[in-house]
Each structure stands twice: as C-alpha cells, then as structure tokens.
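Below is one structure, written out as structure tokens; comments come after it.
The values are calculated or read from the model by the stated rules, or taken from the named source; none is laboratory data. Fair warning: this is a prediction, and the values are worked out from it, not measured in the lab. Counting neighbours? That spans all protein chains shown, and the Cβs are built from the backbone with ideal geometry, glycine included. Surface areas here come from the heavy atoms of the whole protein model, side chains and all, with no ligands, DNA or RNA. Shrake-Rupley method; radii C 1.70, N 1.55, O 1.52, S 1.80 Å.
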Amino acid sequence: MSALELINVRKRYGAVETLKGIDLSLASGEFLVLLGPSGCGKSTLLNIIAGLAEATDGDVRIGDRSVTGVHPKDRDIAMVFQSYALYPNMSVARNIGFGLEMRNVPAAERTEAVQKAAKILQIENLLGRKPSELSGGQRQRVAIGRALVRDPQIFLFDEPLSNLDAKLRMEMRTELKRLHQMLGTTIVYVTHDQIEAMTLATRIAVMRDGQIEQLATPDEIYNRPATRYVAGFVGSPPMNMLDATVADGIAHIDGSLSGIPLPQALRENAASARDVIIGIRPESLTLASSEDAGLAIEAKVEVVELTGPELVVTSTIGSQRLTASLPPRSQIAVGASQRFNIDPSALHIFDKATGKRV
Amino acid sequence: MTSTWITTRAWLLMLPLLIVMVAIIGWPLVDTVRLSFTDAKLVGTEGSFVGLDNYVKILSGSNFQRTLITTFWFAVLSVSAEMVIGVLAALLLNQQFYGRSILRALMILPWALPTVVNATLWRLIYNPEYGALNAMLMQFGLIDAYRSWLGEPGTALASLIVADCWKNFPLVALIALAALQAVPRDITAASMVDGAGAWSRFRFVIMPYLAGPLMVALVLRTIEAFKVFDIIWVMTRGGPANSTRTLSILVYQEAFSFQRAGSGASLALIVTLLVTVLAVAYAALIRKSAGVS
Ligand SMILES: Nc1ncnc2c1ncn2[C@@H]1O[C@H](COP(=O)(O)OP(=O)(O)OP(=O)(O)O)[C@@H](O)[C@H]1O
Ligand SMILES: [Mg+2]
C-alpha cells in the first residue's frame, strides 16, 4: 500500500504553470525530500498535498484514498511550517494540543498526549510558556510537537530548519532523523539544502521548474545523477562540468591537450555522442605525481583555499574551471601546472544537448 | 552635563508650540472654569460668583440625568453595532473575490463624507412624505402608512443610531481589515490543518490579532459617540420631545439657546470630565492588553 500517491498533479496560476505534471508514489515509512531551488514549486506541491491549495489537474491519494476536494483537517496529515506558525496568544501546551482540542479530544487524553510529545521532544519544561518566550530551536520543537501529537499518516515539513543558525540546524537535523527512525511515519520534507536532503531522505525528488528531474535514493542521486542539473545541484563544492568531445572512446576536454581514455563501461554508451559534458566531483580528484599512470588531467592552479577539513583547489583547463577537494596537507604550488588523478568509476558523462546522463 | 543640555534644548524647541497651546487651549479652559462658577449670561452681564450652584442644579436636575441616559444609549448601541458590522465587513473584504478592491474603496465612502452631508442624506431617506425608507417598507408591505421616523420619540433615536452606524462602521472595518492582513498566512493555514472551523479560527486564532487594534477603534468611537453633536443637530436638533438630546446638545442649548453661559460652562466641564474618565479608563485597558500580547 502506498502512503501517498501523486498522479499527474498540475498547478497553474493564471498563465504560468507552476507544477507541470508530478507523478510520485511513496511507501509507508518513507522520508521523501523535495529538493530544488527557490521558486521551483516545492511549497506549492506540499500545499496541494496538505489541501491548502488545490491542484488544477491530477489527483492526490493519501493511504489509497483520493483526497481531491477533502479539507486539510480531514486528510490525516500534519504540517510544520517554515515560520513555525505557532499561535502567539496560546501557551506551548495549548499550541501542541490545539489540533486535538479542535477534534474534541477530552481534556485528560489531550494533556496526556501533549505530555508524551513534549517528552519525546524534550520540551516538558516549556509547556507553560508563550511562543514569544522561546528561542528559535525551541519554537521549532513546539511546531514539530504540534504535528507529532496528532499521530497523522503523513508529516509535511516546509523548510523547517531554514530559520535556524547553522549549528542548531545540524542538531535539529539529527533530531529529525532520530524521530523518523523512532516513529517510522511517512514524511514529505521540502528543502533547498542539499545536505539536509542527503542526510535525511530515504528518497529525494530533485525538482526543477515544476517537474521532478530525478526521484531516487540519496546514494543514487549523488553517485548516478540522471541529468547534468541534478549532478550540479547536489554536492559541495559542486561537480566540475567540463565541455568535451568524444571520439573513438577518448574524451578530449576542450582546452586540454591530452585526451582521457574512457573506461570500458562508459565507452559504449558514449560512442554515439560527440559533444558531451564530463562531470567530475571535486572530491574524486586526487593529486598525481608525474610518473603516475592512469586517468589524469592537467590543470593550472589558480587559487587554494583551506576550509578546515579540506583544501579546495581551483584551477583552469584552458578557459574551463576545475575544482578539487584535497586533503588539507596537500602540497600545491599556486600558478604551477598540476596533474590530477581521476577515479574512472567517478566519471559522469552527460549529453551536452539534452543534459541527460550517457 | 550633555543630558541636561539635551533636555534643555528639547524644552527650548518645544517652547513655541507650548506657548501656542497654552494660548488656544489653556486660556479658554481656565476661563471656562471661571465662568462655571458664575451666573454669567452669553450677552450682557458678566455674572457674579455663585459658588457650586450651577453644578448642584445640573447634577440634581432631571434634564441632565435624562440626557446622560440618552447619550449612554446612543453611544453603547451605535458603537457596538459599528464594531460588529465593521468586523464582519472586514472579514468579508479580506476574502479573495472579484471586485474586492472596488468594494474596499467604496466602503470608505460613508466615512469620508462630511457628517453634515451624511446627516442631510439620511434626513431625506427618513423623510415622512417622500423618504426612501417609507417607500421601501411600504412596497414590502411592512408598514401601511408613511411614518415620521425622526418625528416620533419612539423611533428618532434608533433612526439616528442607524445613520451614525452607516457613517462610522467603515472606520472600524478599515482598522480591522488592516489587522486581518497582519495575520500571517501560515498561522491561518496551520489552524486549518489543526481542524479549526470558521468560528474557532476566528475566536482562537484571528481574534488575538484583532483585539488590540479593535480596542483602539472602540476607544476612539466611544469617546466620539459620547461627544456626538453634528449629526444629531442636523437631523433632529435633540427632538422630538428631547428624545435625542445628548450631552453636547444640552451644553449647546444651555449656553447658546438659553444664553446661560455660566451653567453652560459648568455643564461643558462635566461632559469634559466624563469623557476624560472614559479616555483614561480605555488608555489603561489598551496598555493592559498591549502588555499581554
Ligand atoms: N498564490 C500564488 N499566485 C501566483 N503565483 C504563485 C502563487 N504561489 C506560488 N506562485 C508561484 O509559483 C512558483 C513556485 O512557488 P513555490 O512557493 O512553490 O516555490 P518554492 O519551490 O517553495 O520556493 P522557495 O524555496 O522559495 O520556498 C513561484 O514562481 C511563485 O511565484
Ligand atoms: Mg517554499
């Protein structure tokens, strides 16, 4: 049984089509992350699932029941908003219990449920306070508590961590992961933060302009991105995208003298494509000593930045830029020519015209 | 040293304004207080000191008490109706629908009209011979003869209240609408997901955002309603049989119609005192509710 199913969901605002046909099926207990840049329609899609917006076309099914036209309160979902959306005049306890209160759950039962949720989120000592007396992280917990207490079929999160500072965001991320493992509820989670997506998701839907570009596990999104767009969106620093021409199994990177012989697996697929883009993750590049054989490219080092755990080296091949993440103590001479070894299994080749993986 | 200089400079800068204010507000006020202890006439006699006579007469007279009750009813009924209609109008105008901006602009119209124009308009509507109200009620078969709405003691005050409401509900609606637009969209969405129906949502989620601004509207409108003069003066002059005579009308009659400047002044001071009490009480209320939220 699928917990959530989207069938050709479309949304248009006037002449603009914000969602261009979204298809998606989610098994119970999955943690789906909708990942994409600002304005790609993530919130719109989440609001359609919640029933806060209506799809122009298509169907939403929750727990094998079509919910088109069903009021948000009857969809068996709970939502956590980016702004937390706590009721400012109510105490934390009442905020958490409000959904139950509106569903006429008896007071005693309500208190018990609120206590339980508060205990899970470690906010028992805050129950008597008003939202204005809480820190950002505490508000976030309360907002999650409000969803938790309802025990819904699906949790919807709209960028819940984006208002927190970096350290707190990391803590809450871990917390969310722990919560998901503990409760096993189905979650749909919107973010434009790829780290959040990679760490939390069981599956990621990378969205672009109202469409799903790739729907896959984090591992697959990272290691086998379906398109150049997905490849560029995930990973930091982003994947190097080098224009190249393929002839006879050899990729000639524009601006580079030597060619890269493609590994056998890629050779067959790339045979037909002449203009391609070679994607190399900065972290799959290593320093090559001059006598090293194997796959290597030469580039001119321009800038070296130490971020702490790694040394980010920016160099150029002709007019193209190549970034490498190296161990922090690597010996690099700025301005000199440098050979980088490439792990052949980490090469990604995309068709230049379509952007699709070859 | 700097801080005393800043304070001194602040006073120096305010001085011209203070002088003007003392001249146009302070002096007349002091003179009114002086007058209120005399039996001065509007023209002719300067009057002589009579002590508290004026006050005693006014407060023990039935005229004042009756007028106070009339004023009370006028204020309570018109202001509560304006609040209710104003909030309902704001809720309506906060919805998405075609022609909303036009309706919003139109709504302000009654409030933007000068009171005298509004009053004249309603006099025409209530006119016993050719008024629109009579015509309408006749056509619906609700009355079988034209009535003089402003000419009968039983209906005059109610008719005035309706006219006052029509003029003043837009102010309340405007304030409420501004407050409604300040309710975060996410909060409304969250309450929908939480299962709050329209009434619960209004009561528990939206009302807290409305309370403060509405309190301001309530204060403004109550004080104004207590001082009401122009609309009544144009429509009924306090009649028939003094059934629409409010405090300000009484002050006017005393001081100008009956030319008793002395007791007119004391009456005016009593009204001023009442309004001040109201204003202070409300200010305290506002401060309290602001402290809570
Ligand atoms: N009510 C609306 N009326 C018209 N256009 C809208 C409306 N809501 C959203 N849009 C448009 O739909 C597109 C997608 O918006 P959406 O809020 O879903 O983006 P998002 O992916 O959530 O972005 P972000 O990361 O910034 O939150 C945007 O171009 C936006 O302008
Ligand atoms: Mg969004």
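Taking first residues from region A:142-170 that are more than 16 Å from ligand 1 (Cβ to nearest atom) and partners that are open to solvent by 20 Å² or more (accessible area, probe 1.4 Å) and among the acidic types (D, E), the Cβ contacts under 6 Å between residues at least 6 apart in sequence or on separate chains come to A:P152/A:D76; A:Q153/A:D76.
Give me the strands (runs of 3 or more DSSP E) completely within region A:267-358, filtered to those with at least 2 residues that are closer than 17 Å to A:A231 by Cβ, ordered by residue number. If you could, list the steps in order and put the result at the bottom.
On the way: elements: A:275-280, A:285-287, A:296-306, A:311-317, A:320-326, A:337-342, A:347-351.
Fully inside region A:267-358 and qualifying: A:275-280, A:320-326, A:347-351.
Which one of these is under 21 Å from A:T191 (Cβ atoms) and aliphatic (A, V, I, L, M): A:A15, A:A53?
Working: A:A15 fails: under 21 Å from A:T191 (Cβ atoms).
From the options A:A15, A:A53, the qualifying one is A:A53.
Checked against the criteria, A:S135 does not count as within 16 Å of ligand 1 (Cβ to nearest atom), within 16 Å of A:M172 (Cβ to Cβ), in the same structural domain as A:V188 (by TED's automatic domain parsing) and polar (S, T, N, Q). Based on this model, can you work out whether A:Q140 counts as part of a helix (DSSP H, G or I), away from ligand 2 (no atom under 16 Å from the Cβ) and more than 27 Å from A:C40 (Cα to Cα)? No, not satisfied.
I'd like the residue in region A:143-164 that is hydrophobic (A, V, I, L, M, F, W, C) and assigned to a loop (DSSP other than H, G, I, E, B) and, out of all such residues, is farthest from the chain's Cα centre (by Cα).
Keep residues of region A:143-164 that are hydrophobic (A, V, I, L, M, F, W, C), which gives A:143-144, A:147-149, A:154-157, A:161, A:164.
Cutting the leftovers down to assigned to a loop (DSSP other than H, G, I, E, B) gives us A:149, A:161, A:164.
Working: A:V149: 26, A:L161: 13, A:L164: 17 Å.
Checking each candidate, the answer is A:V149.
Within region B:43-87, being surrounded by 15 or more Cβ atoms within 10 Å (Cβ to Cβ) and outside any helix (DSSP H, G or I) holds for B:G47, B:V50.
In this structure, B:L15 does not qualify as at pLDDT below 90 and either in contact with a Gly (Cβ under 9 Å, 6 or more places away or on another chain) or not in a loop (DSSP other than H, G, I, E, B) (or both). So for region B:149-163 (the condition being among the aromatic types (F, W, Y), free of Cβ contacts under 8 Å to residues at least 40 places away in the same chain and surrounded by 13 or more Cβ atoms within 10 Å (Cβ to Cβ)), does at least one residue qualify? For region B:149-163, residues among the aromatic types (F, W, Y), free of Cβ contacts under 8 Å to residues at least 40 places away in the same chain and surrounded by 13 or more Cβ atoms within 10 Å (Cβ to Cβ): present. Each residue in region A:171-200 was checked for being within 16 Å of ligand 1 (Cβ to nearest atom) and under 22 Å from A:V149 (Cβ atoms), and 3 of them qualify. Just one residue in the set A:T174, A:T111 is within 19 Å of the chain's Cα centre (by Cα) and among the hydroxyl-bearing types (S, T, Y); that residue is A:T174. Just the residues that are touching a Ser or Thr at 6+ places or on another chain (Cβ under 8 Å) and modelled with pLDDT of 90 or more, please, taken from region A:61-88. Hits for region A:61-88 are A:R61, A:Y87, A:P88. Test A:L200 against the stated conditions and say whether it is in the same structural domain as A:K11 (by TED's automatic domain parsing), crowded, with 18+ Cβ neighbours inside 10 Å, among the hydrophobic types (A, V, I, L, M, F, W, C) and away from ligand 2 (no atom under 16 Å from the Cβ). Yes. Within region B:225-266, the residues that satisfy the criterion of being assigned to a helix (DSSP H, G or I) and surrounded by fewer than 17 Cβ atoms within 10 Å (Cβ to Cβ) are B:D230, B:F256, B:S257. Just checking, does region A:63-70 include any residue being buried (at least 17 other Cβ atoms within 10 Å of the Cβ), within 16 Å of ligand 1 (Cβ to nearest atom) and in the same structural domain as A:D158 (by TED's automatic domain parsing)? Scanning region A:63-70, I find no residue that is buried (at least 17 other Cβ atoms within 10 Å of the Cβ), within 16 Å of ligand 1 (Cβ to nearest atom) and in the same structural domain as A:D158 (by TED's automatic domain parsing), so the answer is no.
Identification of strands (runs of 3 or more DSSP E) wholly contained in region A:1-117 with 3 or more residues that are at the interface with chain B (Cβ under 10 Å from one of its Cβ atoms) yields A:77-80.
Tally up the residues in region B:177-196 that are surrounded by fewer than 24 Cβ atoms within 10 Å (Cβ to Cβ) and either more than 7 Å from every other protein chain (Cβ to nearest Cβ) or in contact with a Lys or Arg (Cβ under 9 Å, 6 or more places away or on another chain) (or both), please. Working first, answer last.
Of all residues in region B:177-196, those surrounded by fewer than 24 Cβ atoms within 10 Å (Cβ to Cβ) come to B:177-189, B:192, B:195.
Checking which are either more than 7 Å from every other protein chain (Cβ to nearest Cβ) or in contact with a Lys or Arg (Cβ under 9 Å, 6 or more places away or on another chain) (or both) leaves us with B:177-183, B:185, B:188, B:192, B:195.
Qualifying residue count for the region: 11.
Residues in region A:18-40 that are within 16 Å of ligand 2 (Cβ to nearest atom) and under 18 Å from A:I187 (Cα atoms): A:I22, A:L32, A:V33, A:L34, A:L35, A:G36. Being under 20 Å from A:L46 (Cβ atoms) and touching a helix residue (DSSP H, G or I) at 6+ places or on another chain (Cβ under 8 Å) is the filter here, so list the residues in region A:211-229 that pass it. The answer is A:E213, A:Q214, A:P218, A:I221.
Please pick out the residue among A:G184, A:G255, A:G232 that is under 20 Å from A:S38 (Cα atoms), among the small types (G, A, S) and open to solvent by 30 Å² or more (accessible area, probe 1.4 Å).
On the way: A:G184 fails: under 20 Å from A:S38 (Cα atoms); A:G255 fails: under 20 Å from A:S38 (Cα atoms).
From the options A:G184, A:G255, A:G232, the qualifying one is A:G232.
The set of residues from region B:197-207 being facing chain A (nearest Cβ under 9 Å) and out of contact with any helix residue (DSSP H, G or I) (no Cβ under 7 Å at 6 or more places or on another chain) comprises B:G197, B:F204, B:M207.
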